[in-house]
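A.B. asks: Here's a structure for you.
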Amino acid sequence: MEIGMIALIIFLGLIGLWLIFYFIPIGLWFSALVSGVRISLLQLILMRWRKVPPSIIVTSMIEGTKAGLNLNANELEAHYLAGGNVPNVVHALVSAQKASINLDFKMATAIDLAGRDVFEAVQMSVNPKVINTPPVAAVAKDGIQLIAKARVTVRAAIKQLVGGAGEETVLARVGEGIVSSIGSAESHKTVLENPDFISRVVLEKGLDAGTAFEILSIDIADIDVGKNIGAELQMDQANADKNIAQAKAEERRAMAVAHEQEMKAKAQDARAKVIMAEAEIPMAIAEAFRNGNLGIMDYYKLRNIQADTSMRENIVKPESKK
């Protein structure tokens, strides 16, 4: 029993020591003290209660102090509670100081909370980044399509990182500038002979305005000749004109056929009227006989005239066929 009690006391004592050293980070306090960082042990204990890892704050303050920065523990703790990346901000401040870049703590934390990597931005300010554009197709005035690829060298503009547009905007503007410069060329041969013509035109447009970058150079990496867009458009226009002409010709043919059918109908109607009129002739002759307007000799003369006319028609018809 006594051995069990002793073991239990030792176990409880170890747990107590662990809790003491967890809530009272004496090791961190001593490391800060020997590194020249003035931070109280009570402040480290309160960090535990505020759910702030004291190791992150102390390590960042040691790094900043050794680099000659004057950091405040309360400001670092506030940035951590706001969701910021404290070590990354301190790394950026140290790098900016070494590179003689004007970057203060307030600006660095604002950039970090804006969702940008402030340390990467400082590195990009020292070592510019090259962005490769996707293939950009444009058509010169002579109708020949050119496909260009460019390399854009950019440097981060620290003061414009908050609220400035990103890489996508830069690429879109550069692509628009390439299309505009190629489209203004009189011939595709001019662009192929002088690729730097595109770079000069695009750089003069000030495409980095309102972005988080400063464009240092635009180099045309490759230019390929694409389709003859002008010829294809002319062919399409010719086909469209042909289809329109065919449609109009078909319309005229249909109108001619309709007119012919109309004339045939009129002719048939006229022949029908003639036949009807001829059918009434015997009745008119009979009526003339009854009324005494036509004598027998007049009737025979009429018959002779009809016979003579029929004979003449029979004589003329064979000659007309020859």
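A.B. asks: What does DSSP give for the chain in terms of the percent of beta bridges that are antiparallel, rounded to the nearest 5?
C.D. replies: Antiparallel bridges: around 95 percent, rounded to the nearest 5.
A.B. asks: Just tell me the longest site-free run in the chain, where the sites are GluC sites (Glu not before Pro) in a DSSP loop having at most 12 other beta-carbon atoms within 10 Å.
C.D. replies: 1-185
A.B. asks: I would also like to ask the following. Just to verify a number: FRET efficiency for Glu313 and Glu251, C-beta to C-beta distance, R0 = 56 Å, to 0.05?
C.D. replies: 0.85
A.B. asks: Between Arg151, Arg50, Arg271, find the one with the highest GNM mean-square fluctuation for the chain; connect C-alpha pairs within less than 10 Å.
C.D. replies: Maximum fluctuation in the GNM of the chain, among the listed residues, is at Arg271.
A.B. asks: Still on this structure, please answer the following. For the chain, what is the relative contact order in percent, using Cα pairs closer than 8 Å and at least 6 residues apart in sequence?
C.D. replies: 11 percent
A.B. asks: Quick one: pull the percent of accessible area on the chain belonging to carbon and sulfur, 1.4 Å probe, ligands and nucleic acids left out.
C.D. replies: 59 percent
A.B. asks: Sticking with this structure for a sec: Please find, in a Gaussian network model of the chain (springs between Cα atoms separated by less than 10 Å), the residue of Leu302, Leu171, Leu233 whose mean-square fluctuation is greatest.
C.D. replies: Leu302
A.B. asks: What accessible area per residue, rounded to a whole number of Å², is obtained for the chain using a probe radius of 1.4 Å?
C.D. replies: That works out to 65 Å² for each residue.
A.B. asks: Now, a different point. State whether the stretch 31-89 is rounded, prolate or oblate according to the following rule on the C-alpha gyration tensor (a ≥ b ≥ c being the square roots of its eigenvalues): a/c under 1.5 gives rounded; otherwise a/b larger than b/c gives prolate, and the remaining case gives oblate.
C.D. replies: oblate
A.B. asks: Something else now. Give the value in nm², to one decimal: projected area of the alpha carbon convex hull of the chain, averaged over all directions.
C.D. replies: 50.5 nm²
A.B. asks: Quick one: how many lysine pairs in the stretch 102-255 have C-alpha atoms under 26 angstrom apart, if they're 8 or more apart or on different chains?
C.D. replies: Lysine pair count for the stretch 102-255: 17.
A.B. asks: In addition: Please find, in a Gaussian network model of the chain (springs between Cα atoms separated by less than 10 Å), the residue of Pro135, Pro282, Pro54 whose mean-square fluctuation is greatest.
C.D. replies: Pro282
A.B. asks: OK, next. Compute the distance from the alpha-carbon center of the stretch 167-213 to that of the stretch 223-295, in whole Å.
C.D. replies: 62 Å
The values are calculated or read from the model by the stated rules, or taken from the named source; none is laboratory data. On a predicted model such as this, the values are computed, not experimentally measured, just so you know. Here Cβ is always computed from backbone atoms with ideal geometry, including for glycine, and neighbour counts include all displayed protein chains. Just the protein is used for accessible areas: all its heavy atoms, side chains included, with ligands, DNA and RNA removed. Shrake-Rupley method; radii C 1.70, N 1.55, O 1.52, S 1.80 Å.
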